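The values are calculated or read from the model by the stated rules, or taken from the named source; none is laboratory data. Please read these numbers as outputs of a predicted model, since none were measured by experiment. Heads up: the accessible areas ignore ligands, DNA and RNA and are worked out on the full protein's heavy atoms, side chains in. Shrake-Rupley method; radii C 1.70, N 1.55, O 1.52, S 1.80 Å.
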Amino acid sequence: TDKNLNSIWRAACEAAKVKQIKLYNAVRHSLGCQLLDEGVEMDIVRQQLGHTRPEMTMRYAKRSQAKLTKMLEKRRAMVVDVASRLQVTN
């Protein structure tokens with residue numbers, strides 16, 4: 001039930017020693033971040049979450065940008081690693 005889920009959520013927040021937010025808001029935030037991480041357009045995420053102002057949705061994009069940066073850094077490391085193994089022959 002909703003009551004049980006909220007009770008579990010509150011206990012998890014307390015155990016993790018994090019600021020407690022409502023489960024509903026946490027799920028919405030998670031959905032927004034996941035959609036942006038998967039490359040869904042910002043305007044579509046905004047509409048899905050019911051935001052009237054794009055600034056609200058931009059809060060989720062900050063996390064997405066950090067993830068994108070990390071992925072690009074990992075990709076760059078892979079390219080450098082592969083390039084160092086190549087042998088040029090004429």
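Scanning the stretch 9-20 for residues that are under 23 Å from the mean Cα position of the chain (by Cα) and hydrophobic (A, V, I, L, M, F, W, C) turns up W9, A12, C13, A15, A16, V18. You will find that of H29, H51, the residue that is open to solvent by 60 Å² or more (accessible area, probe 1.4 Å) and either modelled with pLDDT of 90 or more or of a type outside the set (S, T, Y) (or both) is H29 and no other. Residues in the stretch 32-48 that are open to solvent by 60 Å² or more (accessible area, probe 1.4 Å) and either among the basic types (K, R) or under 26 Å from D2 (Cα atoms) (or both): Q34, Q47, Q48.
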